[in-house]
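Below you'll find the structure, written out as structure tokens, and then a few comments.
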Amino acid sequence: MAQFRKWLFAGLLVLVPLIITLWVLDWVITTLDETLRILPMEWQPDRLLGLHIPGLGVVFALAVVLLIGALASNIIGNRLVDWWHALLHRIPVVRSIYSGVKQVSDTLFSEKGNAFRQAVLVQWPREGMWTIGFVTGTPGGDLVNHLRGDYLSVYVPTTPNPTGGYFVMLRRSDCIVLAMSVDEALTYVISMGVIVPGGPKNPQMKPAAPSLKKPT
């Protein structure tokens, strides 16, 4: 029975990640294939080619994104985008949803954004307990009038699902820069500490960067 359990878990360790990966890829491809439905019926690839080719929707969606990006990068495109944003901001319900989503997307995908660019070690949820957080910027607006000192905006993810978490503002001196990339830190969080970045059991922490200092 011991050998049977060993084989069973060994097989699951091999198959489960593979099955989940294939399932996610199948879901993404199937979903993106639905974008072909926006084409006129006579332009549908299934009709033109006489057969269904999985993945054409991925190519089509990528082409659409690149085309929109190219158009939005010139002067005329910028004006159209500004007009579109202004229109959406005038619709009561849509305005609230669109504004929040756009702010998040601008932070995550903008070339000038600094979201999730640095992994830090912070004490959370209380002193003496440590977890990984991600620097998203610095507090702004009226917050600077109430926070005395130098603070950072930090996102503390939950595990194993990092899409949920907490937004906190911590002193720079309370954040320790980690010698690991954001991807490595996310992997460490998702695996609940099982997959250690770089292999060693105790990842080394580099000295504090100019913007972050190790607490004294």
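The values are calculated or read from the model by the stated rules, or taken from the named source; none is laboratory data. This structure is a prediction, so every number in the text was calculated from the model and none was measured. SASA here: full protein model, heavy atoms, side chains in, ligands and nucleic acids out. Shrake-Rupley method; radii C 1.70, N 1.55, O 1.52, S 1.80 Å.
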Options (i) -0.45, -0.75, -1.00; (ii) -0.59, -0.91, -1.16; (iii) -0.86, -1.13, -1.22 - which one matches log10 I(q)/I(0) by the Debye sum over Cα atoms at q = 0.11, 0.14, 0.16 Å⁻¹ as calculated here: (iii)
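On a 1.4 Å probe surface of the protein chains, which of Trp124, Trp43 comes out largest in accessible area, and what is the full order?
Numbers: Trp124 75, Trp43 160 Å².
In descending accessible area the options line up as Trp43, Trp124.
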Probe 1.4 Å - accessible area at Thr21, Å² to nearest ten: 70 Å²
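Helix hunt in the chain: which complete DSSP H runs extend at least 30 Å axially by C-alpha with mean Kyte-Doolittle at least 0.0? Walk me through the numbers before you get to the answer.
Working: long enough: 2-33 (46 Å, 1.38).
Those that pass (Cα extent of 30 Å or more, hydropathy at least 0.0) are 2-33.
Need the full-extension length gain, Ile53 to Leu13, defined as separation in residues times 0.36 nm minus the C-alpha distance. One decimal, nm.
Values: separation 40, 0.36 × 40 = 14.40 nm, distance 3.17 nm.
Extra length from Ile53 to Leu13 when fully extended: 11.2 nm.
In percent, what relative contact order does the range 140-191 have, based on Cα pairs under 8 Å that are 6 or more apart in sequence?
On the way: 46 pairs, mean separation 18.0, N = 52.
For the range 140-191, the relative contact order is 35 percent.
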GNM top mover of Leu32, Leu18, Leu56 - the chain, alpha-carbon springs below 10 Å: Leu18
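Find the relative contact order for the chain and round it to a whole percent, using C-alpha pairs within less than 8 Å whose residues are 6+ positions apart.
Numbers: 238 pairs, mean separation 23.4, N = 216.
Relative CO of the chain lands at 11 percent.
Stretch Ile68-Leu143 to full length: gain in nm at 0.36 nm per residue minus the Cα-Cα span?
Values: separation 75, 0.36 × 75 = 27.00 nm, distance 3.60 nm.
Difference between extended and current length: 23.4 nm.
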Centroid-to-centroid separation of the range 145-179 and the range 7-69 [C-alpha atoms, Å]: 36 Å
